[in-house]
Amino acid sequence: MMEKIKNAMIFGATGQDSSYLSELLLEKDYKIVGVKRRTSTNNTWRLDSVIHNENFSLVEGDIVDPSSVNQIISEHQPDEIYNLSAQSHVHTSFNQPLYTFQVNALGVIHILEAVRNYSPTSKVYQASTSELWGSNYDIDPSLTDANDHIRYQDENTRFSPNSPYAVAKLAAHESIRLYREAYDIWACAGLLMNHESPRRGEEFVTRKITQYIGRLSYSGFDPNFPHLKLGNIDAVRDWSHAQDMVRGMWMMLQQDKPKDYVLCSGTGYSVKQFLDTAFKHVGIHDWSRYVDIDPSLYRPCEVEFLQGRYNLAKKELGWEPEISFDDLVREMVDIDIYNVKYN
Ligand code: NAP
Ligand code: G4F
C-alpha cells in the first residue's frame, strides 16, 4: 500500500532551523507550508535551496494575530506543525519583554487554540529551550569535581528562567503540557540546547565571532583591523549543529505518544573556547589582541552554564548528534570567509 504524503506546516519559516528542517522534510517527500510574517524587504535567503521546490510553499501569517493562525491552520489541516517562530534573542528580550511574551508565549497559545478548534489531529512541535533552566543544574554523584561532566541539565532538572525570553518560553512549554493533558492534543516540546550553523543569525555570539574572522581574514589580518566587542566570554554553552537538531525534532513527531526530550551535544564549551577553536582555524593562537570586552553586552541576568544530557532521546528516539563542535566551528568560519570574498 502507498504511504500517504504528509503535510507539514512550519511557523518561523525564514529562520535558521526552519531552513534545515525544510530540506530534511522535502527529502522525506513531505509537502511543506512555511508561514512567514510580512516584511518590507525580502528575507528568504536561508530558503534558497527549497523555495523553488514544488512541494514547498510560503504563506504570510503572524503568530501574534490569532485570526491569521486560525485561518492558516484550518485551511491546510497539517499532519505536523513545527512552531519554530520566536523573538529568539535573549538579550533583546530584556529590552522588549512584552513583545517577547506576545510572540513566544501568547503566539503558542494561538497555535494550540487553532489546533484544538480547527485541526485536532495535527501533531504539534514546540521549540522549547535550555534557557528554561536558568542557573540550575544537577550533579552526577558518580562523578568527581575533576570530571567536566559532573554538572548537567536533563528532562528532570528544575526550571528557573533567567530572562524575559525564558519566562515566555516557560509559559509556552507549560501550555504544551496543559493542552496535551486537558484536550488530548498531540503536542510535544524539544528542550534544545544552543545550535548553530552558517545560517545562524548574525547577532548570536558564535556567528558574530565567525563573521568577524571572515572580515579579518579578508583584510589580510590587518593589525589595525577594528576589534571584536564581546560581553561575557566565560559563559558556557552546549553547542550543536542545527542540522542534527532538526532531525531530532522530526523524530519526536514520529512517536505515537507525545513526550518532551532534551537534544544537545553533551559537552559545554565557554565562549573563550569557541574563540580558541575559531581563531586557531585561521592560524591565530592569541585572539586576545583582536577582542575587547564591552560591558554593555553583559545581560542583567546571565545563564552561566549549560551542559546537557541526551540519554532519553538516545534511548527512546535513537537520536544522537553527528556533527562535532570542531567541525561546526570550522564550517562556520570557512563559510564566513567565503561569504566576505564572494558575496
Ligand atoms: P531564528 O533564526 O531567530 O528564527 C525565528 C523565526 O521566527 C524567524 O523566521 C522569524 O521571522 C520568526 N518570527 C518571529 N516573530 C514572528 C511572528 N510574530 N510571527 C511569525 N514568525 C515570527 O531562530 P532559530 O535559531 O531558527 O530557532 C528556532 C526556534 O527554536 C525559536 O523558537 C528559538 O527560540 C528556539 N530555540 C533556538 C535555539 C538555538 O540555539 N538556535 C535553542 C533552543 C530553542 P523573521 O525572519 O521575519 O524575523
Ligand atoms: O549566542 P547567544 O546570544 O545565545 P543564548 O543567549 O545562549 O541564546 C540562544 O540559545 C538559547 C538556547 O540555550 C535559545 F533558546 C535562544 O533562542 C538562542 O538561540 O549567547 C551565548 C552566550 C551568552 O552567555 C552571552 O552572554 O554568549 C554570551 N555573549 C558574550 N558576548 C554574547 C556576546 N552573546 C551575544 N549574543 N553577543 C555577544 O557579543
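The values are calculated or read from the model by the stated rules, or taken from the named source; none is laboratory data. Because the structure is a prediction, the values reported are computed rather than measured. Glycine also receives a Cβ, built like all others from the backbone with ideal geometry; neighbour counts cover every protein chain displayed. What goes into the accessible areas is simple: the full protein's heavy atoms, side chains included, and nothing from ligands, DNA or RNA. Shrake-Rupley method; radii C 1.70, N 1.55, O 1.52, S 1.80 Å.
Of note, residue 321 does not satisfy the criterion of being in a loop (DSSP other than H, G, I, E, B), within 16 Å of ligand 2 (Cβ to nearest atom), modelled with pLDDT of 95 or more and open to solvent by 60 Å² or more (accessible area, probe 1.4 Å). Only one of the numbered conditions (1) within 16 Å of ligand 2 (Cβ to nearest atom); (2) hydroxyl-bearing (Ser, Thr, Tyr); (3) more than 19 Å from the chain's Cα centre (by Cα) is not met by residue 144, and that is (1).
Could you go through the stretch 293-303 and let me know if any residue there is aromatic (Phe, Trp, Tyr), within 14 Å of ligand 2 (Cβ to nearest atom) and open to solvent by 50 Å² or more (accessible area, probe 1.4 Å). Looking for residues that are aromatic (Phe, Trp, Tyr), within 14 Å of ligand 2 (Cβ to nearest atom) and open to solvent by 50 Å² or more (accessible area, probe 1.4 Å), one finds at least one in the stretch 293-303, hence yes.
Table: residues versus (1) part of a loop (DSSP other than H, G, I, E, B); (2) of a type outside the set (Ser, Thr, Tyr); (3) touching a Leu at 6+ places or on another chain (Cβ under 6 Å).
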position	(1), (2), (3)
24	no, yes, no
39	yes, no, no
52	yes, yes, no
58	no, yes, no
62	yes, yes, no
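Look through the stretch 165-210, keep the residues that are of a type in the set (Lys, Arg) and within 18 Å of the chain's Cα centre (by Cα), and return whichever of them is farthest from ligand 1 (Cβ to nearest atom). Residue satisfying both the conditions and the ranking: 208.
Please tell me if residue 264 is more than 18 Å from the chain's Cα centre (by Cα) and within 18 Å of residue 133 (Cα to Cα). Taking the combined requirement at face value, the residue does not satisfy it. If only residues of the stretch 172-227 that are small (Gly, Ala, Ser) and within 14 Å of ligand 2 (Cβ to nearest atom) are counted, the one that is nearest to residue 298 (Cα to Cα) is 201. Do we find that residue 136 is crowded, with 19+ Cβ neighbours inside 10 Å, at pLDDT 95 or above and assigned to a loop (DSSP other than H, G, I, E, B) in this structure? Spelling it out, it is not the case that residue 136 is crowded, with 19+ Cβ neighbours inside 10 Å, at pLDDT 95 or above and assigned to a loop (DSSP other than H, G, I, E, B). Of the residues making up the stretch 110-136, those that are of a type in the set (A, V, I, L, M, F, W, C) and away from ligand 2 (no atom under 16 Å from the Cβ) are 111, 112, 114, 115, 124. Taken together, the criteria place residue 146 among residues that are farther than 18 Å from residue 241 by Cβ, free of Cβ contacts under 8 Å to residues at least 40 places away in the same chain and among the hydrophobic types (A, V, I, L, M, F, W, C).
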